[in-house]
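The values are calculated or read from the model by the stated rules, or taken from the named source; none is laboratory data. Keep in mind the model is a prediction, meaning the values are calculated, not measured. We place every Cβ from the backbone using ideal geometry, glycine too, and count neighbours over all the protein chains shown.
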Amino acid sequence: MPEYQQEPPHRSVLLKETISLLGERNAGWILDATVGFGGHSEGILDKFPGSKVIGLDQDELALEFASHRLSRFEDRVVLIHSNFSGIKDVLADRSITDVVGVIADLGVSSMQLDSKSRGFSFRFDAPLDMRMDPSSQAETAADILSTRKESEIADLIYLYGEERLSRRIARRIVREREAGRPIERTGQLADLVASCVPRRKKETIHPATRTFQALRIAVNGELEILPDFLNDAVEVLRSDGVLAVITFHSLEDRIVKNTFQKLSGKCTCPPKIPKCICGASKIVQILTKKPIVSGEKELRENPRARSAKLRAVRKINGQGKAKKNEKT
């Protein structure tokens, strides 16, 4: 039996809450920007029988799972191999304009974390790859550790992993490669970081967790493309359309929160500036004053949901791009 025909080892996080935020979407297109194994899309198609889904993912294996899972919906589903940064081109190529909802689950899938060959997790000794799209020509995590300067490695571990001992880790990485022992496998990196980062009292995560997160973000450019995606998603929505985004760490959540506030008209300019230059314009209504998190039942059934946060906005006019406005 082909691998994609087996049950995918993944549970969709905050599924009911995401569908609830979409409201009554009984006609039009809903764009699932990170379709993964199709769990959110399946829930949407079941809930809204008049809707259709266009699902994007940069992982071709995930698309195989989703294709099998969603096959019963036939022509109500279109699946595309693409990063979510390309949503405007994907929709334009297919002349799709009636978009009533956009959702994005920014987490790494269980299949990717559990893969023994993709290099996302230190639980298995594997090549340090970490590309969401293995078919791309992007740098792998091993490439970054073998070519970047010590200061660059330290900066990305600190900025993307919020690891306070990033300089110690970077120094050891460079020392190892200069001695002819480049860090090319997950086991090497996990052991190196563990030797640099003492486990803190009552800390339950592995010392290498933050470093692995930082490298994954750097390899896939996750934070760089997120603000443009959020703005593009609002732009492609029709009036009253909803954008719902699930994040899994504070760096992503901060970007989503700040972008939503700006799109809701919150000016971030210094008080003494007479005219707004930050680009704030009231284009959306924020639907989640505080992020929605998983309840106790979901956390018991799926511990990986513990860091998930769901935020959503509704587009309130036909404009898609923020415009500069005068301060009042």
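I want to confirm something. Restricting to the stretch 100-130 and keeping residues that are part of a loop (DSSP other than H, G, I, E, B) and among the polar types (S, T, N, Q), which single residue is farthest from Asn231 (Cα to Cα)?
Top of the filtered list is Ser117.
Restricting attention to the stretch 67-83, the residues being basic (Lys, Arg) and under 11 Å from Ser41 (Cβ atoms) number 2. None of Gly187, Gly119 is small (Gly, Ala, Ser), touching a Ser or Thr at 6+ places or on another chain (Cβ under 8 Å), in contact (Cβ under 8 Å) with a residue 40 or more places away in the chain and not assigned by TED's automatic domain parsing to the domain that holds Val35 except Gly119. Residues that are of a type outside the set (Gly, Ala, Ser), farther than 21 Å from Arg131 by Cβ and touching a helix residue (DSSP H, G or I) at 6+ places or on another chain (Cβ under 7 Å) within the stretch 84-110 comprise Lys88, Leu91, Val99, Val102, Ile103, listed in sequence order. Only one of the listed residues (Ala179, Ala170, Ala190) is farther than 23 Å from Ile255 by Cβ and surrounded by fewer than 16 Cβ atoms within 10 Å (Cβ to Cβ). That residue is Ala179. Residue count for the stretch 71-99, restricted to those that are surrounded by 15 or more Cβ atoms within 10 Å (Cβ to Cβ), assigned to a helix (DSSP H, G or I) and not charged (D, E, K, R): 7. Counting only residues that are more than 16 Å from Ser20 (Cβ to Cβ) and surrounded by 19 or more Cβ atoms within 10 Å (Cβ to Cβ), the stretch 294-304 holds 0 of them.
Within the stretch 23-37, the set of residues being modelled with pLDDT of 95 or more and either touching a Lys or Arg at 6+ places or on another chain (Cβ under 9 Å) or assigned to a strand (DSSP E or B) (or both) comprises Trp29, Ile30, Leu31, Asp32.
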